[in-house]
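Beneath this line is the structure, given in structure tokens, with notes to follow.
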Amino acid sequence: MTVLVQKELIAVGEYRPISSVWEGNDGELIENLLQFYASIPPEPILDATYNRGRFWKGSSRNVVSMDINPKFEPMIVGDNRVMEGVPDAAFGAVVYDPPHVGPQGRDKSSKKFDEDFGATVACGKEHDWSLSYLYPPFLAQAKRVLKPEGLLLAKITDMVNSHRAKWSHCDFMRMADDAGFTVCDLIVKIRTGPMVSTKWSTAHHARKRHCFWIICRNSSRCER
Ligand SMILES: C[S@@+](CC[C@H](N)C(=O)[O-])C[C@H]1O[C@@H](n2cnc3c(N)ncnc32)[C@H](O)[C@@H]1O
């Protein structure tokens with residue numbers, strides 16, 4: 001009955017929800033998020049962790065690329081916790097896909113993995129084995145460079161480090177709220193075939209097949 005009611009509403013165009021679970025790729029999801037949540041024109045968009053720009057393959061969006069690693073040749077080589085030279089209230093949306101794990105081992109192949117996926121940031125005892133310390137200074141800058149009502153879209157993955165579950169997405173949501181954003185939604189993105197290492201012998205945790213996309217608005221409310 002509920003489904004029928006929803007279908008009827010969708011058919012007449014009055015109720016068009018976005019699903020809380022996403023099984024496609026990130027680029028398609030970002031486009032859906034921009035169309036669903038934007039209450040001001042979302043461009044220009046700042047991708048604050050551009051890497052190879054996989055999110056924007058086939059997209060015609062006006063994207064300004066930033067990365068701390070010059071190897072990826074972003075428009076702005078810089079630390080997104082500082083955003084030196086980036087003007088206030090310049091962007092309709094900021095996209096953030098920070099490193100999700102710390103450096104993975106010491107051999108050559110894992111070093112390439114580290115660079116390609118941004119896993120080069122310290123994540124040891126001094127940071128309580130977590131990467132969440134990256135978020136508050138980034139969030140302060142994201143708030144500064146976003147226009148009022150602009151969107152912050154963040155891809156966050158939880159991790160297990162030093163034998164403990166680290167709930168990065170909880171940290172991010174709390175810290176975004178503390179930074180003055182309204183956290184609008186949490187979308188679970190599902191993927192197939194999670195990585196498994198031959199070094200692991202005993203499973204202590206669920207093998208993650210998902211990450212989160214967190215949608216925040218630079219406003220005191222979510223609804224458009
Ligand atoms: C997970 S990758 C991003 C992948 C990217 N979304 C893509 O689709 O290709 C994380 C990126 O963040 C960058 N990064 C890490 N810390 C940064 C910082 N403080 N400021 C700017 N970029 C940073 C890394 O160099 C890396 O390229």
### Message
With every protein chain kept in place and ligands, DNA and RNA left out, what is the accessible area per residue of the chain? Probe 1.4 Å, answer in Å².
### Response
57 Å²
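Take the solvent-accessible surface of the protein heavy atoms, probe 1.4 Å, and return the percent of it on the chain that carbon and sulfur atoms account for.
Details: 6890 of 12730 Å².
The value for the chain is 54 percent carbon and sulfur by accessible area.
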### Task
Can you quote the Å³ per residue value for the convex hull of the Cα atoms in region 140-224, rounded to an integer?
116 Å³
### Message
Sort 157-170, 33-46 by the packing proxy (mean of other Cβ within 10 Å over each peptide's residues), most packed first.
### Response
33-46, 157-170
### Task
Please report, in debye to the nearest 20, how large the charge dipole of the chain is about its Cα centre when each Lys and Arg carries +1 at its beta carbon and each Asp and Glu carries -1 there.
660 debye
### Task
Read phi for every residue in region 63-69 and hand back ³J(HN,Hα) as whole Hz from Karplus 6.51 cos²θ - 1.76 cosθ + 1.60, θ = phi - 60°, with x for Gly and Pro.
10, 9, 9, 10, 8, 6, 9
### Task
Measure up 125/155; 125/147; 71/143; 147/208 against 31 Å on the Cα-Cα distance and list the ones that go over.
125/147; 147/208
### Task
Name the long-range amide H neighbours of residue 90: under 5 Å, sequence gap of 5 or more, or other chain; modelled H, no Pro or chain starts.
146, 147
### Query
Farthest toward the dipole's positive end in the chain, which of 55, 192, 218, given Cβ charges of +1 (Lys, Arg) and -1 (Asp, Glu) about the Cα centre?
192
### Query
Could you give the nm distance between label points at residue 161 and residue 120, where each point is 7 Å from its Cα heading toward the beta carbon?
1.7 nm
### Message
Run the lone-cysteine check on the chain: no other Cys C-beta under 4.7 Å from the residue's C-beta.
### Response
123, 170, 211, 216
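Based only on the alpha carbon positions, what is the Kirkwood hydrodynamic radius of the chain, in angstrom?
Details: mean 1/r = 0.0535 Å⁻¹.
Evaluated over the chain, this radius sits at 18.7 Å.
The values are calculated or read from the model by the stated rules, or taken from the named source; none is laboratory data. Note that the structure is a prediction, hence the values are computed from the model and not measured. Cβ: placed from backbone, ideal geometry, glycine included. Neighbour counts: every protein chain shown. Side chains included, ligands, DNA and RNA excluded: accessible areas come from the protein's heavy atoms. Shrake-Rupley method; radii C 1.70, N 1.55, O 1.52, S 1.80 Å.
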